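What follows is one structure encoded as structure tokens, with my remarks underneath.
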Amino acid sequence: QVQLVESGGGLVQPGGSLRLSCKNSGSISSIYVMAWYRQAPGNQRDLVARITNNGNTNYADSAKGRFTISRDNAKNTLYLQMNSLTPEDTAIYYCNYQGPAGSSWGQGTQVTVSS
């Protein structure tokens with residue numbers, strides 16, 4: 001089973017940037033999709049961005065042009081670079097792995113955008 005641990009969340013002012021990290025351990029398939037989701041209080045968990053094993057990426061409309069998802073296979077780490085943050089980006093951000101044998105979630109990292 002793949003274990004995921006997120007880090008990098010915190011408090012940032014509007015217009016600021018954060019980089020989230022998600023380190024995986026365990027056996028990861030050569031065919032996978034990894035993604036970042038977020039969930040604000042009272043809302044459902046929504047997809048922010050995802051990346052496939054061959055590097056294809058997709059973004060939610062709210063993330064396009066501001067967020068960048070990437071993966072460093074040598075470091076077993078998924079990243080989400082977030083720029084031009086607004087209060088509407090405040091949420092718990094979760095890392096997700098989907099492979100042929102199943103799916104895993106991290107514990108989440110809180111991102112708060114506030115002045």
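Got a sec to turn the phi values of region 5-22 into Karplus ³J(HN,Hα) couplings, 6.51 cos²θ - 1.76 cosθ + 1.60 with θ = phi - 60°, whole Hz, x for Gly and Pro?
Values per residue, Gly and Pro as x: 10, 8, 7, x, x, x, 9, 9, 7, x, x, x, 10, 9, 10, 8, 10, 9 Hz.
Counting alpha carbon pairs within less than 8 Å and at least 6 residues apart, what relative contact order, in whole percent, applies to region 66-115? Show your work: numbers first, answer last.
On the way: 64 pairs, mean separation 15.2, N = 50.
Answer for region 66-115 is 30 percent.
Measure off, as a whole percent, the carbon and sulfur share of the 1.4 Å-probe accessible area of region 14-114, all protein chains present. Don't skip to the end; give the middle numbers.
On the way: 2380 of 5130 Å².
Solvent-exposed carbon and sulfur of region 14-114 make up 46 percent of the total.
Could you work out the relative contact order of the chain? I mean the mean sequence separation of Cα pairs under 8 Å and 6+ apart, divided by the number of residues, in percent.
Numbers: 283 pairs, mean separation 43.1, N = 115.
For the chain, the relative contact order is 37 percent.
Roll a 1.4 Å probe over the protein chains and send me the accessible area per residue for the chain in Å².
Details: 6070 Å² over 115 residues.
About 53 Å² of surface per residue is accessible.
Can you work out the FRET efficiency for the pair residue 105 and residue 13, with r the C-beta to C-beta distance and R0 = 22 Å, to the nearest 0.05?
Numbers: r = 29 Å, r/R0 = 1.31.
Once rounded, the FRET efficiency stands at 0.15.
Please list, in order, the residues from region 83-105 whose amide nitrogen is less than 16 Å from a point placed 7 Å along the Cα→Cβ vector of residue 61.
Answer for this model: none.
The values are calculated or read from the model by the stated rules, or taken from the named source; none is laboratory data. Worth saying up front: this structure is predicted, and the values here are computed from it rather than measured. With ideal geometry, Cβ positions are generated from the backbone for all residues, glycine too; neighbour counts draw on all protein chains shown. For accessibility, only protein heavy atoms count, side chains too; no ligands or nucleic acids. Shrake-Rupley method; radii C 1.70, N 1.55, O 1.52, S 1.80 Å.
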